[in-house]
Amino acid sequence: MLSLHDFEDAARRRLPRPIFGYIAGAAEDNASLRDNREVFGEYAFTTRVLRDVSLRSQSVELFGERYSSPFGIAPMGINALSTYRGDLVLARAAQRAGIASVMSGTSLIPLEEVARQSPGTWFQAYLPGDQARIDALIDRVERAGFRTLVVTVDIPISANRENNIRTGFSTPLRPGLRLAWDGLVRPRWVAGTFLRTLLCHGMPHFENSFATRGAPIMSSSVLRDFSARDHLSWNHLEAIRRRWKGPLVVKGVLSVEDALQARNLGADGVVLSNHGGRQLDGAASAMRVLESVVTAVGPAFPVLIDGGFRRGSDVLKAIALGARMVLVGRPFNYAAAVAGEAGVLHAIGLLRDEVDRNLAMLGARACTDLGPGHIVRRRG
């Protein structure tokens, strides 16, 4: 495994087709998914030479914490289906490496267990449909000991994930001949993830959508639990801000207006994101709005970003354009599926080494040395 790209092919061989398809899939024609990668080709670096970069560091500070690298692990749902106890695997690896990690609200392991084993993990919430349940969930997250809350706001309704259906994945997960066959030809996954989970923990449930335990992954009530989000508004965010005392981050922003609104309502940062191309197909890559958002909100307000990041050069292009941190999703999920915690640590190390080399070749001693002057546009 020489780059993050290599983990994808290995995970494709390791995982049943529906599980891999869920991770890799996006909405409709995959236009946003492609744009997330293609956008990086539109930016090139200008370097600074004859700078003493022997004492360089890629560490960054965010919300009063010092992280060893300018990238972290993005929230990814149901990753305990791709590797045994996936949420714990990702959180432990991030803690060992000193980077940020965000636990998904659509996870299959109780958030209390992750907070206990990996203090410092952030929690990402999908808001329930009414204020009382929102308040109860926020209180549960606080009691568990999470310090940073990420509220995802770009799922008013479920997306058209027809690509998931084509690969045999459904919500709720339905057993069938195709799924059984995919499992039989991948005995390592069946024994190491599926059967081990059933024997040790029983049927997986959505554990963290509410203050109480959610539905099993094969229950017909799963769809009901994820509905009733289309009436959520900025008023709900105001109420969360009054209740939540720690850092509050709004994820799923793609416009200057929404970034300013989040800041004005008391959020401590935003994540620019098109949800990995999994929601509105045709939504712009977050990189396309990064510079304008950073200019609008000002340097004191942290802007994070995700979507398509695979190389250290990708990360540093975003940092140069004003992002405070980059969140990387699918590659770390693939790495966990291939080799568990060791795989995630190896993936982190590969990306960290790329960032380090590129900083040196850019003539920068720290991420704060980078700016728009290091970037040129290849085309309009």
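The values are calculated or read from the model by the stated rules, or taken from the named source; none is laboratory data. Since the structure is predicted, the reported quantities are computational estimates derived from the model, not experimental observations. Cβ atoms come from the backbone with ideal geometry, glycine included; neighbour counts cover every protein chain shown. We work out accessible area using only protein heavy atoms, side chains counted, and drop any ligands, DNA or RNA first. Shrake-Rupley method; radii C 1.70, N 1.55, O 1.52, S 1.80 Å.
Annotation note: Cβ proximity below 7 Å between a residue of region 342-365 that is under 16 Å from Arg96 (Cβ atoms) and a residue that is basic (Lys, Arg) (sequence gap 6+ or interchain) occurs for Leu345/Arg96.
Got a number for residues in region 104-120 being within 13 Å of the chain's Cα centre (by Cα) and either over 22 Å from Gly343 (Cα atoms) or open to solvent by 10 Å² or more (accessible area, probe 1.4 Å) (or both)? Steps first, please.
If we filter region 104-120 for residues that are within 13 Å of the chain's Cα centre (by Cα), which is where we start, we get 104-107.
Narrowing further to those that are either over 22 Å from Gly343 (Cα atoms) or open to solvent by 10 Å² or more (accessible area, probe 1.4 Å) (or both): 105-106.
Adding up the residues that qualify gives 2.
Restricting attention to region 285-314, the residues being closer than 13 Å to Val355 by Cα, touching an Asp or Glu at 6+ places or on another chain (Cβ under 8 Å) and buried (at least 24 other Cβ atoms within 10 Å of the Cβ) number 1. The residues listed here are Phe146, Phe169, Phe123; of these, the one that is open to solvent by less than 30 Å² (accessible area, probe 1.4 Å), under 23 Å from Asp268 (Cα atoms), touching a residue at least 12 places away in the same chain (Cβ under 8 Å) and assigned to a loop (DSSP other than H, G, I, E, B) is Phe146. Only one of the listed residues (Phe301, Phe309) is assigned to a loop (DSSP other than H, G, I, E, B) and more than 22 Å from Val376 (Cβ to Cβ). That residue is Phe301. Residue pairs whose Cβ atoms lie under 8 Å apart, sitting 6 or more positions apart in sequence or on different chains, and linking a residue in region 64-76 that is at pLDDT 95 or above to a partner that is open to solvent by 20 Å² or more (accessible area, probe 1.4 Å) and part of a strand (DSSP E or B), are Tyr67/Glu61. Restricting region 36-51 to residues that are touching a Lys or Arg at 6+ places or on another chain (Cβ under 8 Å) and of a type outside the set (A, V, I, L, M, F, W, C), the residue that is surrounded by the fewest Cβ atoms within 10 Å (Cβ to Cβ) is Gly41. The number of residues in region 354-380 being open to solvent by less than 30 Å² (accessible area, probe 1.4 Å), touching a strand residue (DSSP E or B) at 6+ places or on another chain (Cβ under 9 Å) and in a helix (DSSP H, G or I) comes to 4.
Picking from Asp154, Asp139, Asp87, Asp130, which residue would you name as being open to solvent by 20 Å² or more (accessible area, probe 1.4 Å), under 17 Å from the mean Cα position of the chain (by Cα) and either of a type in the set (Asp, Glu) or modelled with pLDDT of 95 or more (or both)? Give the steps one after another, and end with the answer.
Details: Asp139 fails: under 17 Å from the mean Cα position of the chain (by Cα); Asp87 fails: open to solvent by 20 Å² or more (accessible area, probe 1.4 Å); Asp130 fails: under 17 Å from the mean Cα position of the chain (by Cα).
Matching residue, one of Asp154, Asp139, Asp87, Asp130: Asp154.
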